[in-house]
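Written out below as structure tokens is the structure these notes cover.
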Amino acid sequence: MAVYLIVAGVSFQKGLLPAAPLLDGLGPPAPYQWVKPPRDRARDNKPPGRGEGTVPLTSLGSSGSVTTPDGQAQVLLDNNSIPAQPAQTSVKITIDPLDPGTVGPPPPGGFHYDSNAYRIAAFYEPSNQPVEKLSAVVVLSYATFSDRIVRRNGSSWDSLPSTPAGQNQLFATTDKLGIFAAAGIGHGTAAKQTSPVLLVALIVVPFVLIAVALVLVLRRVKGSGRQVSARRR
């Protein structure tokens, strides 16, 4: 997963974004952490985390990434993402989770929100001036089914060309920051926790079956060899 996203972050400026999802592991994604959970998640929901980080700024620009503690939102930057500014040494990026219902209605056409909204901002340091011009990749996790990342534009949403980035993840290139969310028309099934014992069994059992089969085959081969030797005698 990390390698996949790094490749995306390095190559998005050149139009080399991967077009196929990365299937990461055997188990389902972790249950989504909502600002305002749906009724069926009210009891077991964990609040989402806020992301904050500083990316060094050089004569070439900035490169790096900032992720929320739960991994549900991420910003990827390459060397050309943010232009260098005189006397500025770094860029501070903040990622704040929001209830999308407080931002505005979903995009028209039957879309529904399938993630938190995230307010993403960037500031030059030490001046604390907002970054007005940039190019970055935004990665969002979603709960059940989404096919696009949307970015708030005044009182409406802009749909960004989005690509699957793994289990229940999308990424999209953006030329400005603001408020983002994952949205879709279809509906999926919410992720459920899978027992670690079951996951281990899913991995180990096939190898055990292969080992048993090999033992049986070797025994048959060995037995056949003994029979041939006995006949020759």
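The values are calculated or read from the model by the stated rules, or taken from the named source; none is laboratory data. If you're wondering where the values come from, they're calculated on a predicted model, not measured in any experiment. All Cβ positions, glycine included, derive from the backbone under ideal geometry; neighbour counts span all protein chains shown.
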**Request:** Please work out if Ser90 is among the polar types (S, T, N, Q), at pLDDT below 75 and assigned by TED's automatic domain parsing to the domain that holds Thr163.
**Result:** no
**Message:** Let me confirm something: among Val103, Val139, which residue is crowded, with 20+ Cβ neighbours inside 10 Å, in contact (Cβ under 8 Å) with a residue 40 or more places away in the chain and among the β-branched types (Val, Ile, Thr)?
**Reply:** Val139
**Prompt:** Within region 142-162, restricting attention to residues that are among the hydroxyl-bearing types (Ser, Thr, Tyr) and within 20 Å of Ala30 (Cα to Cα), which residue is surrounded by the most Cβ atoms within 10 Å (Cβ to Cβ)?
**Reply:** Ser146
**Asked** Looking only at strands (runs of 3 or more DSSP E) that fall completely inside region 46-99, which ones have 2 or more residues that are of a type in the set (D, E, K, R) and buried (at least 17 other Cβ atoms within 10 Å of the Cβ)?
**Response** 90-98
**Item:** Matching residues, region 106-136, being among the small types (Gly, Ala, Ser) and either closer than 16 Å to Thr174 by Cα or crowded, with 19+ Cβ neighbours inside 10 Å (or both)
**Value:** Ser115, Ala117, Ala121, Ala122, Ser135, Ala136
**Item:** Filter result (of a type in the set (Gly, Ala, Ser) and under 21 Å from the mean Cα position of the chain (by Cα)) within region 28-70
**Value:** Ala30, Gly49, Gly51, Gly53, Ser63, Gly64, Ser65
